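I have placed the structure first, in the form of structure tokens, so that the comments after it can refer back to it.
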């Protein structure tokens, strides 16, 4: 089974589990005035609950296999002109959280609203006001672009990896 097949199976199993929960919720009790929908409704509810338990076991098995695979499989992705090697698990973390955090850091670099021009010194003399930056604007812009693009670059590469990589059971 490939990674992508496991991911799709988990999604389908979750849908089936939700369907079973709804069936149990709708049929777990009735009033004495109602007619049961099933000949042996107690047995039917019990079967749905067992099926739900079996589905959760399969989801667990697949997720653990995915975790093993994601930790064991390394992937090379080109970012900013450099070949970066990480495990799938590291790339997923990078995609979901860390690239955004890096982008946030580079995005706070600014002139802080400081206006250049002429001002007045405390003694009343004219004073030229300049912005003193402790960063390079070109580097900031380059890094913001890199971290903005990184999630889609990771997505593209992991789509291929998910399609060709066998699940480690």
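Across 124, 113, 156, mean-square fluctuation computed from a Gaussian network of the chain (C-alpha pairs under 10 Å connected) peaks at 124. Over all directions, the projected convex hull of the C-alpha atoms in the stretch 122-169 averages 6.8 nm² in area.
Taking only the alpha-carbon atoms of the stretch 8-81, what semi-axes of the equivalent ellipsoid follow from 5 times the gyration tensor eigenvalues under a square root, in whole Å, largest first? List each step's numbers first, then the result.
Numbers: eigenvalues 358, 30, 9 Å².
Those come to 42, 12, 7 Å.
Taking the helices alone, the chain has a mean residue ellipticity at 222 nm of -20500 deg cm²/dmol, built from -39,500 (n - 2.57) per DSSP H run of at least 4 residues and averaged over all its residues. Each principal axis of the chain carries a Cα extent, and these read 96, 46, 18 Å when sorted largest first. Provide, for q = 0.12 Å⁻¹, the log10 of I(q)/I(0) from a solvent-free Debye sum over equal Cα point scatterers in the stretch 74-164. At q = 0.12 Å⁻¹ the computed log10 ratios are -0.52. Compute a Gaussian network model of the chain, connecting alpha carbons closer than 10 Å, and tell me which residue from 137, 39, 122 fluctuates the most. Highest fluctuation among the options: 122.
Largest GNM mean-square fluctuation among 34, 54, 111, using the chain with Cα springs under 10 Å: 34.
Here the stretch 1-71 and the stretch 116-161 have alpha carbon centers that stand 51 Å from each other.
Read-outs: derived from the displayed coordinates by stated rules, not from any lab. Predicted model, so just to flag it, every value in this text is computed and none were measured.
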